[in-house]
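Undergrad: Shown below is the structure under consideration.
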Amino acid sequence: MISKIEHIGIAVQDLKKSTELFTLLLGKTPYKKEIVESEGVETVFFELGETKIELLGSIKTDSPIAKFLEKKGEGIHHIAFATDNITNEIKRLQENQFQLIQNNPKEGADNKIISFLHPKSTNSVLVELCMDKSE
Ligand code: ZN
């Protein structure tokens with residue numbers, strides 16, 4: 001089951017500058033900064049009630065975020081939905097003709113197991129499913 005919007009991912013050119021901007025905008029400091037080496041991305045998380053804002057900066061020129069920034073510029077990159085059972089949710093979505101970017105869930109930032117749906121099958125919105133590692 002999808003329970004809520006876990007976070008909204010925003011692609012930024014300069015993570016340091018954007019962290020300062022969002023600290024001012026939200027009136028609070030981020031609770032986490034984390035590099036996900038396998039994705040070539042550095043992330044900064046702000047907690048906002050039930051949901052979060054994830055800033056995404058590229059650490060490699062050929063990372064998916066670098067390609068996104070090159071193509072579309074800064075802005076909303078993905079919406080992440082929380083689920084308590086990512087395997088069942090992937091199965092349900094595949095049965096309903098949604099396309100996944102990778103077939104197997106992988107480790108994401110912030111202690112999550114994640115999977116992305118291809119924007120081709122979701123009205124051009126990149127959708128992330130995420131589940132707490134402990135679940
Ligand atoms: Zn995310």
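The values are calculated or read from the model by the stated rules, or taken from the named source; none is laboratory data. Here the structure is a predicted model, which means the values were calculated and not measured. Here the Cβ is made from the backbone with ideal geometry for all residues, glycine too, and neighbour counts use every protein chain on show. Ligands, DNA and RNA are stripped out before the accessible areas are found, and what is left, the full protein with its side chains, is counted by its heavy atoms. Shrake-Rupley method; radii C 1.70, N 1.55, O 1.52, S 1.80 Å.
Undergrad: Expected output is a single nm value to one decimal: the length gained when fully extending between Lys33 and Lys17, i.e. 0.36 nm times separation in residues minus the C-alpha distance. What is it?
TA: Numbers: separation 16, 0.36 × 16 = 5.76 nm, distance 1.39 nm.
Answer, rounded to one decimal: 4.4 nm.
Undergrad: Report, in deg cm²/dmol and to the nearest 500, the calculated mean residue ellipticity at 222 nm for the chain, where each DSSP H run with n ≥ 4 adds -39500 (n - 2.57) and the sum is divided by the residue count.
TA: Result for the chain: -7000 deg cm²/dmol, rounded to the nearest 500.
Undergrad: Ok, one more. Testing the spin-label approximation: label points 7 Å from Cα along Cα→Cβ at Leu25 and Gln94. State their distance in nm.
TA: With each label point 7 Å from Cα toward Cβ, the separation is 3.6 nm.
Undergrad: Hey, any idea what Rg/Rh is for the range 14-86, computing Rh the Kirkwood way over Cα pairs? Show your work: numbers first, answer last.
TA: Details: Rg = 12.9 Å, Rh = 13.2 Å.
A ratio of 0.97.
Undergrad: Output needed: percent of Cα pairs per 10 Å distance bin for the range 59-120, bins running from 0 to the one holding the longest distance.
TA: 18, 47, 29, 6
Undergrad: Now, a different point. In whole Å, what is the distance between the alpha-carbon centres of the range 94-135 and the range 39-53?
TA: So the separation of the two Cα centres works out to 16 Å.
Undergrad: What list of ³J(HN,Hα) values in whole Hz, one per residue of the range 46-54 in order, does the Karplus curve 6.51 cos²θ - 1.76 cosθ + 1.60 (θ = phi - 60°) give from phi, with Gly and Pro shown as x?
TA: 3J(HN,Hα) across the range 46-54, in whole Hz: 10, 8, 9, x, 6, 10, 9, 10, 10.
Undergrad: Let me ask you something else. Could you state the accessible area per residue of the range 42-135 in Å², with a 1.4 Å probe and every protein chain left in place?
TA: So the range 42-135 comes to 55 Å² accessible per residue, rounded to a whole number.
Undergrad: Please give the peptides 110-123, 62-75 ranked by average Cβ packing (other Cβ atoms within 10 Å per residue), highest first, as a rough proxy for protection.
TA: Packing proxy ranking, top to bottom: 110-123, 62-75.
Undergrad: Of all the accessible heavy-atom surface of the range 91-130, with the other protein chains kept in place and a 1.4 Å probe, what percent is carbon and sulfur?
TA: Numbers: 1030 of 2320 Å².
Of all accessible area on the range 91-130, carbon and sulfur atoms account for 44 percent.
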